[in-house]
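Remarks on the structure that follows.
The values are calculated or read from the model by the stated rules, or taken from the named source; none is laboratory data. This structure is a prediction, so every number in the text was calculated from the model and none was measured. Backbone-built Cβ (ideal geometry, glycine too); neighbour counts: all protein chains shown. All accessible areas refer to the heavy atoms of the entire protein, side chains included, with ligands and DNA or RNA removed. Shrake-Rupley method; radii C 1.70, N 1.55, O 1.52, S 1.80 Å.
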Amino acid sequence: HLTPSGMAMTRRIFQRSLTDLEANYGEVERMLPEVGVPTLVVWGDDDPFFSTDVAERTRAAIPGADLVVYDRTGHFVPEERPAEVASDVLALLRSG
């Protein structure tokens, strides 16, 4: 999905899912306050689908969650920044 044609397909899928946010994401959003494990929200500052405002709302909805926003990174953070994400996840696990 990181190829140009893959990104185009992914963009179409997301655009369809964004037409009804409540139906497609409402249940997930309502469940976030119930997350009871250490959580790291990872986000790209160049995400073409969701702004960093959504990242902050996600972090705020999960009790005790941390947020890392990666510079010059799009929507597929673990694939675009695998070493950094792995390091940040290890740090989270070690801190618990």
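The condition of being touching a Ser or Thr at 6+ places or on another chain (Cβ under 6 Å) and of a type outside the set (Ser, Thr, Tyr) holds for only one of Gly64, Gly74, Gly44, Gly26, that being Gly44.
Taking residues in the stretch 51-74 that are without any contact (Cβ under 8 Å) to a residue 60 or more places away in the chain, and partners anywhere that are among the small types (Gly, Ala, Ser) and in a helix (DSSP H, G or I), the pairs with Cβ atoms closer than 7 Å and at least 6 places apart or on different chains are Leu67/Ala55; Val69/Ala55. Do we have any residue at all in the stretch 84-95 that's closer than 20 Å to Leu18 by Cβ and in contact with a helix residue (DSSP H, G or I) (Cβ under 6 Å, 6 or more places away or on another chain)? Checking the stretch 84-95: not a single residue is closer than 20 Å to Leu18 by Cβ and in contact with a helix residue (DSSP H, G or I) (Cβ under 6 Å, 6 or more places away or on another chain). The residues of the stretch 35-54 that are in contact with a His (Cβ under 8 Å, 6 or more places away or on another chain) and farther than 16 Å from Asp71 by Cβ, listed by number, are Phe49, Phe50. The residues of the stretch 57-96 that are within 13 Å of Asp47 (Cα to Cα), open to solvent by 70 Å² or more (accessible area, probe 1.4 Å) and in contact with an Asp or Glu (Cβ under 9 Å, 6 or more places away or on another chain), listed by number, are Asp71, Arg72. The condition (being touching a Phe, Trp or Tyr at 6+ places or on another chain (Cβ under 8 Å) and not aromatic (Phe, Trp, Tyr)) is satisfied by just one residue among Thr19, Thr52, Thr10: Thr52.
For Arg11, state whether it is charged (D, E, K, R), at positive phi, in contact (Cβ under 8 Å) with a residue 24 or more places away in the chain and open to solvent by 80 Å² or more (accessible area, probe 1.4 Å). Here the answer is no, as Arg11 does not meet what is asked. Among the conditions (1) loosely packed, with under 13 Cβ neighbours inside 10 Å; (2) hydroxyl-bearing (Ser, Thr, Tyr); (3) touching a residue at least 24 places away in the same chain (Cβ under 8 Å), the only one that Ser5 does not satisfy is (3).
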